[in-house]
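Report on the following structure.
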Amino acid sequence: MAVMTNAPAHFPRIAACGDSALAVEFSDRIDEATSARVVAMADRLAAGAVAGIREVVPTYRSLLVHYDPALVRGRDLTVQLMDMLECQAETESTVRHIIVPVLYGGETGADLDALAELKEMTRSDLIALHASAHYRVYMIGFAPGFAYLGGLPERLHTPRLAVPRQRIEAGAIGIGGQQASINSVPGPSGWRFIARTPLKLFDPSRKEPFLLRAGDRVRFRAIEETEAAHLDAAVARGEPVEEWAAT
Amino acid sequence: MSVLNIKDAGPMMTVQDLGRAGLSRFGVSGAGPMDPPSLRMANRLVGNAESDAGLEFAQVGGTFVVDAPVRFAVTGAAVGMTVDGKPVHAWESHHLLPGQTLRIGAVVNAVWGYLAISGGIDTPLVLGARTTHLRTGLGGLDGRRLAAGDHLPLGASGHAPLLALRQPLSRPRGPFRIVPGPQADHFDASAWKIFLEEPFRIATHRDRMAQMLDGPVISAFAGHDIISDGTVAGSIQVPSSGRPIVLMAERQTTGGYPKIATVASVDLPRLAQAMTGSLVRFRAITRDEAEDLLLDQSRVLAAALSGLEEKGETTEIKETPTTSGRSNT
């Protein structure tokens, strides 16, 4: 993903997105510090820190703020948010850690062997490397519950496929460039997929439809077929199977 | 519970309410109608809450029967329609009784039409709304387009008078107004000159998610990839093809193309209703101006919604010499 390279821009800055939204841009790069600031401001605004805000959408380096111009005008909101940026604590209020059990390889993780060959690693070394990393949910987007993760070890960075595949299953664990992902709904994708999780990132019938949110920390735990089948069955029965790690 | 039976459906008919708000941060598109004022008006005409679910259709409606008496209204544009072969007007409510057949034909000089039924379409709430999001198969009837043979549950329909909109909904005219940004500075002066001075054509490639524009190519000197960020309905993305894409109701929540500008909220339903092949021009206004326009339009629409006139207590369907329905009379 190309980094913005426009003429000198000073960050943070606030840009209009029409008459009912604005974007608070914290930087022009993907890094943890930027994401932490985005999430911290999202949490404060979602908690009602400023009147007239309808919803916020945290992304890699910017926060989209939807507002009701009948309650707050864009120019006034810009001033309030700039003030908040000047005195904002950059720590996130609550940090959640989740361990995602994954079955490497198989039909859904069909790119595993090819990727190992490409990286000149053994299959088990690749799995160990992927499962040892600490990931961070930078944003949820593209589709309901789809998690964009940062923290992929550099050795696993891999360009997207030239020709996207037509159907990738929900729960597929992917690699696209320097990013990692967990699919939430079936659909086409040009990413490479090396594993799957029995966890459902999105289930509209569940009390908490979305498993993850921006700012969450994620680690993968390799599981075997037997455990995967056991978890699949539990998920199908609607039982909560996610593992929240102690902070 | 009463039921709306679909005997025949146009190619693009879905259940829509005012949208699935508040879940963009979880990747859930707001969806909702392409022309929200028209759905709100249709609901008001039949005595519903403005937020009740109705049917949205493109180009042509369909054929419907009910198993209990209801009131219905069609809005969006001029639409040719009949009850048991007798022409009835759009933009006012009518009775539909069991045994009668409602036929809704072509939308005239627009794209999207709306059918509201008293009681509202009562499909299950999904994430707080009944709106259909086709890409992810959420809401409406199994998250899909409607087809012949579908049965839609209706909410309870109380007594209310038949109503008519006597003054047509005021639609803005002239160039489509845009607010520059959020990535306005990815485009140099010559790109902006093209964007604001040349006409674009409403491309055939259009759906509930996005409207492509044919015409001059717009180049972003800073590149056509950005770190993905949030989108709004009306965001004008410019991918490396240089052909602008306006994101519509069913947009993805995030995107990685630079957004040169955002269509003013008051002009977005008009863009949705612009005929394929027609020419559009853009004019830049300030955010303040766009907010003023939106607030003014909200007041005008609220007055129109609360100022509907009773048609009088006739249950007879009046015969009229034309099937084109009420347009801007």
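Readers should treat all values here as calculations from the given coordinates under stated rules, not as data from a laboratory. Just so you know, these numbers come straight off a predicted model, no measurement behind them. Cβ sites come from the backbone with ideal geometry, for glycine too, and all protein chains shown count toward neighbours.
Tabulated results
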| item | result |
| --- | --- |
| Rg ratio (alpha-carbon, reference 2.2 N^0.38 Å) - the stretch A:196-236 | 1.30 |
| The stretch B:117-214 - percent relative contact order, Cα under 8 Å, separation 6 or more | 19 percent |
| Relative contact order [Cα under 8 Å, 6+ residues apart], chain B, whole percent | 22 percent |
| In sequence order, calculated HN-Hα J values of the stretch A:165-175 (Karplus, 6.51, -1.76, 1.60; Hz; x Gly/Pro) | 8, 6, 9, 10, 6, 4, x, 5, 9, x, 10 |
| Degrees separating the helix A:74-86 axis from the principal Cα axis of chain A, which is the longest one | 70 degrees |
| Whole-angstrom gap from the stretch B:35-104 to the stretch B:260-290, using each part's C-alpha centre | 28 Å |
| Net charge of neighbours whose Cβ lies under 13 Å from the Cβ of residue B:254, counting Lys and Arg as +1 and Asp and Glu as -1 | +3 |
| Calculated log₁₀ intensity ratio I(q)/I(0) where the Debye formula runs over C-alpha points of the stretch B:176-293, q = 0.11, 0.18 Å⁻¹ | -0.30, -0.87 |
| Cβ-defined net charge surrounding residue A:233, 12 Å radius [Lys, Arg +1; Asp, Glu -1] | -2 |
| Dipole-positive endmost among B:179, B:260, B:271 within the stretch B:176-293 (Cβ charges, Cα centre) | B:271 |
| Positive minus negative residues near residue B:187 (Lys, Arg vs Asp, Glu; Cβ under 15 Å) | -2 |
| Acute angle (nearest 10 degrees) that the helix A:32-46 long axis makes with the longest principal axis of chain A, alpha-carbon atoms | 60 degrees |
| Cross-link reach list, lysines versus residue B:193, counting only Cα pairs under 30 Å and skipping chain neighbours closer than eight places | B:259 |
| Helix-only CD estimate at 222 nm, as mean residue ellipticity for the protein assembly as shown, using -39500 (n - 2.57) per DSSP H run (n ≥ 4) | -5500 deg cm²/dmol |
| Exposure rule at most 11 other beta-carbon atoms within 10 Å, DSSP loop GluC sites (Glu not before Pro): chain B longest free segment | B:1-312 |
| For A:82, B:41, B:12, order by how many other beta-carbon atoms lie within 10 Å, fewest first | A:82, B:12, B:41 |
| Prolate/oblate/rounded label for the stretch A:155-198 (Cα gyration tensor, a/c 1.5) | oblate |
